[in-house]
1. Pairs under 8 Å by beta carbon, first residue over 30 Å from B:Gln31 (Cα atoms) in the range B:3-17, partner surrounded by 14 or more Cβ atoms within 10 Å (Cβ to Cβ) and of a type in the set (A, V, I, L, M, F, W, C), six or more apart or different chains?
2. Anything in the range A:32-47 that is modelled with pLDDT under 90 and facing another protein chain (nearest Cβ under 8 Å)? List them, or say none.
3. Taking B:Cys23 as meeting all but one of (1) part of a strand (DSSP E or B); (2) buried (at least 21 other Cβ atoms within 10 Å of the Cβ); (3) more than 11 Å from the chain's Cα centre (by Cα), write down the number of the exception.
4. Give the range A:31-47 a look and list any residue that's out of contact with any Lys or Arg (no Cβ under 9 Å at 6 or more places or on another chain) and outside any loop (DSSP other than H, G, I, E, B), or say none.
5. Taking the range B:87-105 as the region of interest, how many residues are in contact with a Gly (Cβ under 7 Å, 6 or more places away or on another chain) and surrounded by fewer than 24 Cβ atoms within 10 Å (Cβ to Cβ)?
6. What number goes with the only condition from (1) of a type in the set (S, T, N, Q); (2) within 24 Å of A:Ser50 (Cβ to Cβ); (3) surrounded by fewer than 17 Cβ atoms within 10 Å (Cβ to Cβ) that B:Asn65 does not pass?
7. I need the full set of residues from the range A:16-52 which are of a type in the set (Lys, Arg), in contact (Cβ under 8 Å) with a residue 40 or more places away in the chain and closer than 14 Å to A:Phe91 by Cα, in order please.
8. Taking the criterion of being at pLDDT below 90, out of contact with any Cys (no Cβ under 7 Å at 6 or more places or on another chain), at negative phi and polar (S, T, N, Q), would at least one residue in the range A:55-67 satisfy it?
Amino acid sequence: GAVVSQHPSRVICKSGTSVKIECRSLDFQATTMFWYRQFPKQSLMLMATSNEGSKATYEQGVEKDKFLINHASLTLSTLTVTSAHPEDSSFYICSASPSHASRGQFYNEQFFGPGTRLTVL
Amino acid sequence: RKEVEQDPGPFNVPEGATVAFNCTYSNSASQSFFWYRQDCRKEPKLLMSVYSSGNEDGRFTAQLNRASQYISLLIRDSKLSDSATYLCVVSRQAGTALIFGKGTTLSVSS
């Protein structure tokens, strides 16, 4: 299957700082990437849909000014948690959906990054 | 009501047991259905897609009933390595976001 990387894998930061998380599709192009968040013992919740070259679409209840998403190329999307607070501590996971051009064998499959565990002190 | 609901679990079974997980989804427009597996503190990994005709992959069998909006996963001859959280997942169409159930935890013991 296709590979998605995420960096960093773990972040510990002080309250009030901003944290940037990168999501890269390594061997395919991804027109669309998704950002999810998972709190302990909870399901993955979609935060936003990131579209290459356009603004992200945020789910209800997710503050777009707090969670900045940039999808500047077909292989990279970034999520920046601005002015992080302890309640933002969570497991952030991205996934990438292959573009039509490379969908072929990957039809209808999404590929997940390994996740970033954010702890805000 | 959550869009995807699963058995609450946890399921604690001995090696060799057969275990079944159930899932219901509320949006009749859902087009694609999956079972994912998630190990502790890891990302979810696709276990299998679920088709209307039912499908099998080794010890795993998935069933979909569109009329009842019901999905199931059967695991036969459970192994210790099957211990994980199993996530029922739907999407409305190819390339759109996945909607996850809360997951059912399986613990297989020797």
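The values are calculated or read from the model by the stated rules, or taken from the named source; none is laboratory data. Quantities reported herein were computed from a predicted structural model and do not represent experimental measurements. So basically every Cβ, Gly included, is an ideal-geometry build from the backbone, and we count neighbours across all protein chains shown.
1. B:Val13/B:Val19; B:Val13/B:Leu106; B:Val13/B:Val108; B:Pro14/B:Val108; B:Glu15/B:Val108; B:Ala17/B:Val108
2. Pass one, the range A:32-47, residues modelled with pLDDT under 90: A:32, A:40-43.
Listed by number, the residues that qualify are A:Thr32, A:Gln42, A:Ser43.
3. (3)
4. Just the residues of the range A:31-47 that are out of contact with any Lys or Arg (no Cβ under 9 Å at 6 or more places or on another chain), to begin with: A:31-40.
If the condition is that a residue be out of contact with any Lys or Arg (no Cβ under 9 Å at 6 or more places or on another chain) and outside any loop (DSSP other than H, G, I, E, B), then A:Thr32, A:Met33, A:Phe34, A:Trp35, A:Tyr36, A:Arg37, A:Gln38 are the ones that fit.
5. 2
6. Unmet condition: (2).
7. Here is the first cut: in the range A:16-52, the residues of a type in the set (Lys, Arg) are A:20, A:24, A:37, A:41.
Add one more test, that the residue is in contact (Cβ under 8 Å) with a residue 40 or more places away in the chain, and what stays is A:20, A:24, A:37.
Passing the criteria: A:Lys20, A:Arg37.
8. Within the range A:55-67, not a single residue is at pLDDT below 90, out of contact with any Cys (no Cβ under 7 Å at 6 or more places or on another chain), at negative phi and polar (S, T, N, Q).
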